[in-house]
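S.K.: Got a structure for you, written out below as structure tokens; questions coming shortly.
The values are calculated or read from the model by the stated rules, or taken from the named source; none is laboratory data. Predicted, not measured: the structure shown is a model, and the values here were computed from it. Here the Cβ positions follow ideal geometry from the backbone for every residue, glycine too, while neighbour counts run over all protein chains shown.
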Amino acid sequence: MSTDAPKRARKTPAERAAEISAAARAIALGEGLHALTLRAVADRVGVTAPLVAHYQPSMDVLVAETFRAIVADELAEVGAHVRAHIGRDRVAGLRILLLTLLDGGRDDVTAVWVDGWSLSRRNPLLAAAVRDQTAAWHTTLASLVLAAAGLGVLSNAEADRVAAQLLAMVDGLNTHAMIGFRPGNANVALIARTLEHEMRLTPGTLAG
């Protein structure tokens with residue numbers, strides 16, 4: 001009787017590339033972008049480091065692509081969730097957005113953002129990805145601000161300014177919450193009151 005072990009099926013280049021991308025994503029979300037190394041990916045996939053290098057010769061590229069994929073997926077997911085509620089009233093989308101982004105349920109993605117800001121100082125490709133995804137979030141927020149304010153209340157320039165302010169507050173407060181400083185729903189009320197003033201909404205419209 002033969003004792004030879006069955007040969008493992010050889011994976012196609014597309015399958016192997018997808019496997020490497022999935023492993024990189026899992027590492028980034030579980031341990032941080034800083035943990036994304038050639039050896040870590042190889043260990044996660046169960047292959048040799050040279051094989052990973054064959055498919056991903058530049059770790060800077062892999063880090064940037066992984067960041068972009070994680071953040072783009074979050075934006076798509078949050079956007080779909082907001083759109084599902086936006087028909088209730090004009091401020092519903094913005095209210096749901098605040099609750100979704102500040103509930104602490106996305107700390108893994110927040111950590112990826114924090115790593116992205118730090119590591120991009122030495123990785124120009126990552127810096128470009130961070131800028132692109134920040135711009136995508138800004139565009140989404142500006143459209144929600146315009147819709148929530150009501151027709152003709154804010155100019156495009158005003159909505160752009162409020163969106164920039166909102167994005168900075170969400171990023172900052174979520175980063176603070178990660179280290180245990182002012183976590184929880186208090187941050188929703190803090191941002192809501194600021195937005196109500198900037199958007200000329202009746203107090204309590206967003207925070208209520």
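S.K.: Go through 61, 78 for me and flag whichever is of a type in the set (Val, Ile, Thr), surrounded by fewer than 19 Cβ atoms within 10 Å (Cβ to Cβ) and closer than 19 Å to residue 138 by Cβ.
M.R.: 78
S.K.: Go over the candidates 144, 154 one by one and state the one that is farther than 20 Å from residue 71 by Cβ, out of contact with any Pro (no Cβ under 8 Å at 6 or more places or on another chain) and buried (at least 19 other Cβ atoms within 10 Å of the Cβ). Please lay out each step first, then the result.
M.R.: Working: 144 fails: farther than 20 Å from residue 71 by Cβ.
The conditions single out 154.
S.K.: Condition (residue is assigned to a helix (DSSP H, G or I), outside the structural domain of residue 151 (by TED's automatic domain parsing), in contact (Cβ under 8 Å) with a residue 12 or more places away in the chain and of a type in the set (S, T, N, Q)) applied to segment 91-102: is it met by at least one residue?
M.R.: So in segment 91-102, the residues assigned to a helix (DSSP H, G or I) come out as 92-101.
Next, only the ones that are outside the structural domain of residue 151 (by TED's automatic domain parsing) stay: none.
No, because not a single residue in segment 91-102 is assigned to a helix (DSSP H, G or I), outside the structural domain of residue 151 (by TED's automatic domain parsing), in contact (Cβ under 8 Å) with a residue 12 or more places away in the chain and of a type in the set (S, T, N, Q).
S.K.: A further question on this structure: Determine the pairs where a residue that is in the same structural domain as residue 29 (by TED's automatic domain parsing), located within segment 67-90, has a partner that is in a loop (DSSP other than H, G, I, E, B) with Cβ atoms under 6 Å apart, the partner being 6 or more residues away or on another chain.
M.R.: As it stands, the answer is none, since no pair meets every condition given.
S.K.: Can I ask one more? Test residue 25 against the stated conditions and say whether it is closer than 22 Å to residue 118 by Cα and in contact (Cβ under 8 Å) with a residue 60 or more places away in the chain. Quick ask: steps written out before the conclusion?
M.R.: Values: closer than 22 Å to residue 118 by Cα: yes; in contact (Cβ under 8 Å) with a residue 60 or more places away in the chain: no.
Spelling it out, it is not the case that residue 25 is closer than 22 Å to residue 118 by Cα and in contact (Cβ under 8 Å) with a residue 60 or more places away in the chain.
S.K.: Residue check, residue 99 against (1) over 15 Å from the mean Cα position of the chain (by Cα); (2) farther than 16 Å from residue 185 by Cβ; (3) not β-branched (Val, Ile, Thr), all met but one. Which one?
M.R.: (2)
S.K.: Next question, about the same structure. Can you pull out the helices (runs of 4 or more DSSP H) entirely within segment 1-60 that have at least 2 residues that are at pLDDT 95 or above? Steps first, please.
M.R.: Numbers: elements: 13-31, 38-45, 49-55.
Of the helices (runs of 4 or more DSSP H) lying wholly inside segment 1-60, those with at least 2 residues that are at pLDDT 95 or above span 13-31, 38-45.
S.K.: Conditions first: (1) free of Cβ contacts under 8 Å to residues at least 24 places away in the same chain; (2) surrounded by 14 or more Cβ atoms within 10 Å (Cβ to Cβ); (3) under 30 Å from residue 180 (Cα atoms). Residue 53 passes all but one, so which condition is the exception?
M.R.: With (1) free of Cβ contacts under 8 Å to residues at least 24 places away in the same chain; (2) surrounded by 14 or more Cβ atoms within 10 Å (Cβ to Cβ); (3) under 30 Å from residue 180 (Cα atoms) applied to residue 53, the lone miss is (3).
S.K.: Okay, next question. Restricting attention to segment 118-131, which residues are part of a helix (DSSP H, G or I), surrounded by 15 or more Cβ atoms within 10 Å (Cβ to Cβ) and either in contact with a helix residue (DSSP H, G or I) (Cβ under 8 Å, 6 or more places away or on another chain) or on the phi > 0 side of the Ramachandran plot (or both)? Spell out how you get there, then give the answer.
M.R.: Within segment 118-131, the first condition is being part of a helix (DSSP H, G or I), and the residues that meet it are 118-119, 124-131.
Subsequent filtering for residues that are surrounded by 15 or more Cβ atoms within 10 Å (Cβ to Cβ) retains 119, 125-127, 129-130.
The answer is 119, 125, 126, 129, 130.
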